[in-house]
Amino acid sequence: MGVIRFHVHILRIIRGRVRFFLLLMLSANAFGAGLHRYAQLVVSDSSATPRNGIRVTYLGTNGYQFEFKNHVLLVDPYFSRVDLLSVALGARIQPDSSRIADSMRHVAPKVDGILVTHGHFDHLLDVPIVMSKTHARLIASRTSIDLAKRAGALSGDAVTAGDVRRIGPWKIRVVTASHDRLFGKVPFDRPPSRGGPPQRAADWICGEPLAFLIEISGQRVYIDSGGTPAQLPPKEHVDLAILGMALPDSRARLTAALERLQPHYILPSHQDNFFLPLSEGFQFGPLTDFQRVQRDCARQNRGRLILLDHFRPWTLPAAANPKQRSKS
Ligand SMILES: [Zn+2]
């Protein structure tokens, strides 16, 4: 190795370590910051709630279960919650079967489909196991399908923006999306040099980020896992907008995204610290800024800002939709 290459190599290692410790410090600050400060925004069903709309259960990270009658869709189900140290040090990571089994108590035994927004481990790692337990079909980008198959999934439907899939009563439109940058670049976006099953966090590459417009029984839900101001959601009015808000890029596009979607309900997503096990409850992630999200939503006054706690279902009210939407 030449002297210059050696120095570049050392610099990279140091830079990596600095970032890593920065993240650790930030996570330490965030400990203890749960949802209780925002209790007035947290919604969930009571015994009196009419069950005539889509029932939404938050599964942590960017994971959701959508239920309508006996039909079920999942988005980005991730229960293993690999720790930060394993990710930062590039250790081998794998699904945690006992954590998956614990969480699956909140998931329907039979699922129509699993939609995945991109290939990162916090969206795709557990998908092959969840597929095998629920007999669901997988709808995701070509890259995500390839990763899932290398990790054991038996099938997968590779989609691109513009595709439409109908599964039972669900109509799913695939929408172009983008991924937030972390320290100036999309994390884990370089294809690994070797084939075989993905082993480290960096092997679970982003691929082509997707968003989904889910329609059922006159209700429409838009979901993404974040994005940059350069790639906004479509101009499609929705009842519920689930917008990834883990990092600064997605917050920078919030106002413009809401302008286009005009949602009745706004659910900021990907805000919990997904390096902690789900058993520790909802803690805001180190790089989130919910106060800013709240401020921007209040300023714009488009729709009602809500939060969901892990595994506490909430039914999207069915009354407030089709007529209002066609007027707006
Ligand atoms: Zn990601």
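The values are calculated or read from the model by the stated rules, or taken from the named source; none is laboratory data. Remember, predicted model here, so these are calculated numbers, not experimental data. Because the Cβ atoms are built from the backbone with ideal geometry, glycine has one as well, and the counts that use them run over all protein chains shown.
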- prompt: In segment 233-250, which residues are out of contact with any helix residue (DSSP H, G or I) (no Cβ under 7 Å at 6 or more places or on another chain), buried (at least 24 other Cβ atoms within 10 Å of the Cβ) and not hydroxyl-bearing (Ser, Thr, Tyr)?
  reply: 239, 240, 242, 246
- prompt: Condition test on residue 211, is it in contact with a Leu (Cβ under 6 Å, 6 or more places away or on another chain), within 22 Å of residue 237 (Cα to Cα) and not polar (S, T, N, Q)?
  reply: no
statement: A careful count of residues in segment 138-147 that are out of contact with any Leu (no Cβ under 6 Å at 6 or more places or on another chain) and of a type in the set (Gly, Ala, Ser) gives 1
field: In segment 73-91, residue surrounded by the most Cβ atoms within 10 Å (Cβ to Cβ) [restricted to those that are touching a residue at least 60 places away in the same chain (Cβ under 8 Å) and touching a Lys or Arg at 6+ places or on another chain (Cβ under 9 Å)]
entry: 79
query: Does segment 232-248 contain at least one residue that is at pLDDT below 95, part of a helix (DSSP H, G or I) and under 24 Å from residue 282 (Cβ atoms)?
result: yes
Residue list for segment 168-187, filter: surrounded by fewer than 16 Cβ atoms within 10 Å (Cβ to Cβ) and at negative phi: 169, 171, 181, 185
task: Please specify each residue of segment 65-78 satisfying the condition of being touching a Gly at 6+ places or on another chain (Cβ under 7 Å) and of a type in the set (Phe, Trp, Tyr).
output: 78
message: Looking only at segment 241-258, filter to residues that are more than 15 Å from the chain's Cα centre (by Cα) and more than 15 Å from the ligand (Cβ to nearest atom); which one of those is farthest from residue 168 (Cα to Cα)?
response: 252
message: If I filter segment 92-102 for residues that are hydrophobic (A, V, I, L, M, F, W, C), buried (at least 16 other Cβ atoms within 10 Å of the Cβ), without any contact (Cβ under 8 Å) to a residue 60 or more places away in the chain and closer than 22 Å to residue 195 by Cα, do I get at least one hit?
response: no
Which listed residue is surrounded by fewer than 22 Cβ atoms within 10 Å (Cβ to Cβ), under 15 Å from the mean Cα position of the chain (by Cα) and in contact (Cβ under 8 Å) with a residue 40 or more places away in the chain, from 215, 208: 208
field: So residue 44, is it part of a loop (DSSP other than H, G, I, E, B), surrounded by fewer than 24 Cβ atoms within 10 Å (Cβ to Cβ) and touching a strand residue (DSSP E or B) at 6+ places or on another chain (Cβ under 6 Å)
entry: yes
message: Give me the helices (runs of 4 or more DSSP H) completely within segment 78-131, filtered to those with at least 3 residues that are away from the ligand (no atom under 16 Å from the Cβ), ordered by residue number.
response: 97-104
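Each row is one residue, and each column tells you yes or no for (1) modelled with pLDDT of 80 or more; (2) among the β-branched types (Val, Ile, Thr).
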| position | (1), (2) |
| --- | --- |
| 3 | no, yes |
| 49 | yes, yes |
| 56 | yes, yes |
| 83 | yes, no |
message: Name the single residue that is surrounded by the fewest Cβ atoms within 10 Å (Cβ to Cβ) among those in segment 103-143 being of a type in the set (Gly, Ala, Ser) and farther than 21 Å from residue 214 by Cβ.
response: 132
Any pair with Cβ under 6 angstrom, 6 or more apart, that starts in segment 109-128 at a residue that is within 19 Å of residue 82 (Cβ to Cβ) and ends at one that is outside any loop (DSSP other than H, G, I, E, B) and near the ligand (Cβ under 8 Å from one of its atoms): 116/123; 117/123
- prompt: Filtering segment 144-193 down to residues that are within 14 Å of the ligand (Cβ to nearest atom) and in a helix (DSSP H, G or I), which residue is farthest from residue 209 (Cα to Cα)?
  reply: 147
- request: Please verify whether segment 202-222 includes one or more residues that are in a loop (DSSP other than H, G, I, E, B), among the hydroxyl-bearing types (Ser, Thr, Tyr) and either closer than 25 Å to residue 67 by Cα or within 14 Å of the ligand (Cβ to nearest atom) (or both).
  value: yes
